[in-house]
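Note sheet for the following structure.
The values are calculated or read from the model by the stated rules, or taken from the named source; none is laboratory data. Being a predicted model, the structure only gives us computed values, none of them experimental. Using ideal geometry, Cβ is built from the backbone for each residue, glycine included, and neighbour counts are taken over all protein chains shown.
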Amino acid sequence: MNTDTVERNSRKAVIIGCGYVGAASAFALMESGLFSEMVLIDADKDRAEGEALDISHGLPFAKPMQIYAGDYDDIADAAIIIVTAGAGQKPGETRLDLVKKNVGIFKTIIPEISKRRYNGILLIVANPVDILTYTAAKLSGLPGNQVFGSGTVLDSARLKYSLGEHLGVDSRSVHAFVIGEHGDSEIAAWSSVNVSGVPLNRFCEMRGHFNHTSSMEKIADDVKNSAYEIIKKKKATYYGIAMSVRRICEAVILDQKSVLPVSTVQQGMFGIKDVALSMPAIVGKHGVEAQVPISLNGEETAALLASANTLKEVIASLDI
């Protein structure tokens, strides 16, 4: 743990990386009113300055705040640092294809954060988010609860949205999690899905749907492949993840103790250790306060262990 740290400003955020995801996240956070100060950092300083100016011009329609391009010396007192920096995912490229390139980028970013004796929350958003969360946890020296990734928060939102559309019901009434890797081995935890407390299959039948297995397979595939579909059509995904970043920041800054499927280095649940992946967790001002036990059937448990092993194989091939 770092010593000699600067006192945190609970209303200050830093975004490192001003590409599509970083800029969209900055805009979503400006509109949220959560922060009074936001620093944008990018290897291309002009890009950071341009985004800060563009967003600042909307402040007369929002709440007062300072948005400016800065550097690593501006991070020490931030409540939360959001790292979106990294190479983007190209059409036909999996999230794991990005790994070595982006781990290299993190090996320059995370030591700069550590040098400033930063002791706030470190939220990793860049992909592949699980590998980069693990990398950040190992390189930062921060307590494990303070380093976590956006994980499957967006995947779970996509699952809730798809189920809401399928059932003709408000997606906010759907309680469902995608767990494991944010990527090709992710698992829709169907056995724990409910709609306002009503088990999924019973609710489906209430709404006239009876082909449970085929419907679940199609929805899970659509959710897993939705990023690829969006990338194919518009080259990048950024609005959904920006709103996920906003949601996670709300949980932290307002100490909501929300249950969110963020990516953290696992400490033994289901026998999984020393790999970062997503499981439901209580998120508040101290970061990840506790993991929430989730009931899985045998098939889901096996898929989760396989997902963990997929990620472990990648980690083993890296010099972290």
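Might you check whether a residue that is among the basic types (Lys, Arg), assigned by TED's automatic domain parsing to the domain that holds Ala87 and modelled with pLDDT under 95 occurs anywhere in region 117-135? For region 117-135, residues among the basic types (Lys, Arg), assigned by TED's automatic domain parsing to the domain that holds Ala87 and modelled with pLDDT under 95: present.
Candidates are the residues of region 237-257 that are surrounded by fewer than 17 Cβ atoms within 10 Å (Cβ to Cβ) and without any contact (Cβ under 8 Å) to a residue 60 or more places away in the chain; the one that is farthest from Ser295 (Cα to Cα) is Asp255. For region 183-214, taking the residues that are more than 30 Å from Val125 (Cα to Cα) and touching a residue at least 40 places away in the same chain (Cβ under 8 Å), the one that is surrounded by the most Cβ atoms within 10 Å (Cβ to Cβ) is identified as His209.
The numbered conditions (1) in contact with a Lys or Arg (Cβ under 8 Å, 6 or more places away or on another chain); (2) closer than 26 Å to Asp255 by Cβ; (3) not assigned by TED's automatic domain parsing to the domain that holds Ser25 are all true for Ser173 except (1). A single entry from Ala290, Ala303 fulfils the requirement of being part of a strand (DSSP E or B) and either without any contact (Cβ under 8 Å) to a residue 60 or more places away in the chain or touching a strand residue (DSSP E or B) at 6+ places or on another chain (Cβ under 8 Å) (or both): Ala290. Among the candidates Lys63, Lys138, Lys100, Lys90, the residue that is out of contact with any helix residue (DSSP H, G or I) (no Cβ under 7 Å at 6 or more places or on another chain), modelled with pLDDT under 95 and not in a loop (DSSP other than H, G, I, E, B) is uniquely Lys100. Filtering region 27-57 to residues that are more than 18 Å from Met243 (Cα to Cα) and part of a loop (DSSP other than H, G, I, E, B) leaves Ser36, Asp42, Ala43, Asp44, His57. Can you confirm whether Tyr20 is under 23 Å from the mean Cα position of the chain (by Cα), of a type in the set (Ser, Thr, Tyr), outside the structural domain of Ile248 (by TED's automatic domain parsing) and under 25 Å from Gly141 (Cβ atoms)? Taking the combined requirement at face value, the residue does not satisfy it.
Being touching a strand residue (DSSP E or B) at 6+ places or on another chain (Cβ under 6 Å) and among the acidic types (Asp, Glu) is a property that Asp170 lacks.
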